[in-house]
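Structure record follows, encoded as structure tokens.
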Amino acid sequence: MMMIENKKLSRADYQSEREQVLQTWPTGRDVEFASAISRHRDMEDRKKFPIALARAAANGRTLLQPRAGVALLREHTQLLQDLSPYCDVLPTTVDAYTRHNRYHEAQKGIERSRAAGTSLLNGFPPVNHGVDGCRRLIDALEKPVQVRHGTPDARLMAEITLCAGFSSFEGGGISYNIPYAKSVPLERSIRHWQYCDRLIGLYEEEGIRINREPFGPLTGTLVPPFASHTVALLEGLLALEQGAKCITLGYGQAGNLAQDIAAIRSLSNLAAYYFSEFGHDDYALSTVFHQWMGGFPENEAQAYSVIALGAAAAKFAGATKIIVKTPHEASGVPTMEANRSGLQATAQMLNMIGDQKKLETDEILQETAVIEREVHAVMRKVIELGGGDVARGAVLAFEAGVMDIPFAPASVNAGRMTPIRDNNGAIRVFAKGDIPLPDDIVAFHREKIAERATCEGREASFQMVVDDVRAISASTLIGRPQATNIDSPF
């Protein structure tokens, strides 16, 4: 195992590595740092992601952002132009080949797409389009654009897209490894993302602010808030150490309104605590709420209900931004029209509850306290394992099962922690594996699970977990036996 540590890369080490990174694919030769700095300085404020986030936070607004990306530059540009009137900030969702650094196959996908007259890739391949193509994209748009992908090694992509004028870069060495890859060593992906964050730190040193957003939902399947929060905090700390200063931490909708509201609020509290504990005070913090990342109902009317619930949770929680889903999530890559509909439905919900008072209940306060205690317990062990170093601690924590993400494919992930819903639909821990949760918190989870088991007249078991995974796509939140479901008129 390489020795990983949470230490800022020296300029010399970065430059030496950069020479190799830019040779990975021919478009890397067009990256020029001085040119990139000039471009960002000359860009209008309306195209800068950090400014949009700062203004939203100051005004108590919640920004809307879709997910969208197609193979060809002209078509991708048109897609984002069409979506622009309905959202606040724009995405560029990257294709699967690029996420795995398979640029040759991405190029073939571009060529096949041109011949077919339609996108045959599930996203936009920025490395293949290069600095020039990406700059033309940014020039054609009037709103900030973020790179959204899923890449354990995003070094070349970061160099090209930031040079082109993208002002936000999503992902991290943990969140874009454990849920996405099977055999990529965690220490390797963390190290590759230290390079990305060091690059952003260099932009910061030149007075150019770039937003960094770790990927919050992870597998998007019954992930307890404390599990995703721990990853978000670690990736935030790793980014700050390399010089990033604009951090957006995220969370994926779980479905229980009180728990979702508590999750975003606790995430802000925890970030302020741990960033300060590690000596960071010069940063801008924002939060992003991802609407439901699991299976969607095929029925569009039912899908709109899932979208609306996520919008309400995000607004009541005070999230700075929402990643908006579409009513076509169950049927494949959404069309522009489906994306627009999801954005309009979300905007309508925000408008209706925007002037209402902050939602506060005993249940939200209890969930917030539970999440914070859980995170503190895991973070303390991670820090202890790493001897105070969170990079080393993260690697050792996954090896020991101290950190464990449900349903993740990574071979280093223990997979011994089992989540389940309680009788109100909140995510609880059925089996904790080796996660160091306090005894009274474990007892709390067991009590909540027992309430559901009693209500349903069955023993708490893994079958409940299976039922819960399928529930929302089948139009309910909790995977109850058919006999306990309320009969639907539909």
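List of remarks:
- Tilt relative to the chain, helix 257-277 - C-alpha long axis, 0 to 90 degrees, to 10: 50
- FRET efficiency, 1/(1 + (r/R0)^6) with R0 22 Å, evaluated for Ala431 and Glu384 via beta carbons: 0.45
- Beta bridges assigned by DSSP with both partners in the chain are antiparallel in approximately 15 percent of cases.
- Zone residues, segment 220-259, relative to Ile353, backbone N less than 14 Å from point 7 Å out along Cα-to-Cβ: 253-259
- Residues whose amide H comes within less than 5 Å of that of Lys245, counting only those at least five positions distant or on another chain, are Ile210 (H built at 1.01 Å from N in the peptide plane).
- Between helix 336-353 and the chain: long-axis angle, C-alpha atoms, 0 to 90°, nearest 10: 60
- Label assignment, semi-axes √(5λ) of the Cα gyration tensor in Å derived from the structure, set (1) 39, 28, 21; (2) 39, 24, 20; (3) 34, 27, 21: (3)
- Between 0 and 90 degrees, the angle of helix 439-456 with respect to the longest Cα principal axis of the chain falls at about 60 degrees.
- Helix-only CD estimate at 222 nm, as mean residue ellipticity for the chain, using -39500 (n - 2.57) per DSSP H run (n ≥ 4): -16000 deg cm²/dmol
- In order along segment 209-226, the Karplus-derived 3J(HN,Hα) couplings, from 6.51 cos²θ - 1.76 cosθ + 1.60 at θ = phi - 60°, round to 8, 10, 7, 10, 10, x, 7, x, x, 6, 6, x, 10, 6, 8, x, x, 5 Hz, and Gly and Pro are given as x.
- Arg112-Ser16 FRET efficiency (beta carbon distance; Förster radius 45 Å; 0.05 resolution): 0.75
- Above-threshold pairs, the threshold being 30 Å between Cα atoms, out of Lys7/Lys182; Lys182/Lys448; Lys7/Lys448; Lys325/Lys381; Lys143/Lys315: Lys182/Lys448; Lys7/Lys448; Lys325/Lys381
All of the numbers you see were taken from the coordinates with simple rules; none came from a lab. None of these values were measured; they are calculated from a predicted model. Positions of Cβ are generated from backbone atoms using ideal geometry, with glycine treated the same way; all protein chains shown enter the neighbour counts.
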